[in-house]
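Colleague: Structure below; questions to follow.
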Amino acid sequence: GTRIICDRKFLLECKNSPAARTPPCCLPQTPGVTSLAQSSLVKLEELKERNESEEAMPDQDQFEMDI
C-alpha cells in the first residue's frame, strides 16, 4: 500500500487553518456531542447569572463574629 507521510511542522500548521476551526456543513446536530446539550446550556446560563449576582454583591466577611 501507499503511505502518506507528513512531517510534524505541517501537522501543527494544519490545526491553525480556518478549515480546522469550522465544523463540517452537513454534520448532524447531536446534543452533547456536536452541540451543547440543552441541559448544559441551561446550566451555563444559571452559572453566568449566579456569577453576575455574586459580583454585584458588596464584599462581605465570610463569617460574622459576635464580639
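Colleague: At 0.36 nm per residue, and after removing the present C-alpha to C-alpha distance, how many nm does the segment from Arg8 to Thr34 gain when stretched out fully?
Modeller: My answer for the length gained is 6.6 nm.
Colleague: Modelling each spin label as a point 7 Å along the Cα-to-Cβ direction, I'd like the Leu27/Glu45 distance in nm, to one decimal.
Modeller: For Leu27 paired with Glu45, the spin-label model returns 2.3 nm.
Colleague: Please give the peptides 17-25, 1-9 ranked by average Cβ packing (other Cβ atoms within 10 Å per residue), highest first, as a rough proxy for protection.
Modeller: Highest-to-lowest ranking by the protection proxy: 17-25, 1-9.
All of the numbers you see were taken from the coordinates with simple rules; none came from a lab. Small disclaimer: the values here were computed from a predicted structure and weren't measured. Note that each Cβ is placed from the backbone with ideal geometry, even for glycine, and that neighbours are counted across all protein chains shown.
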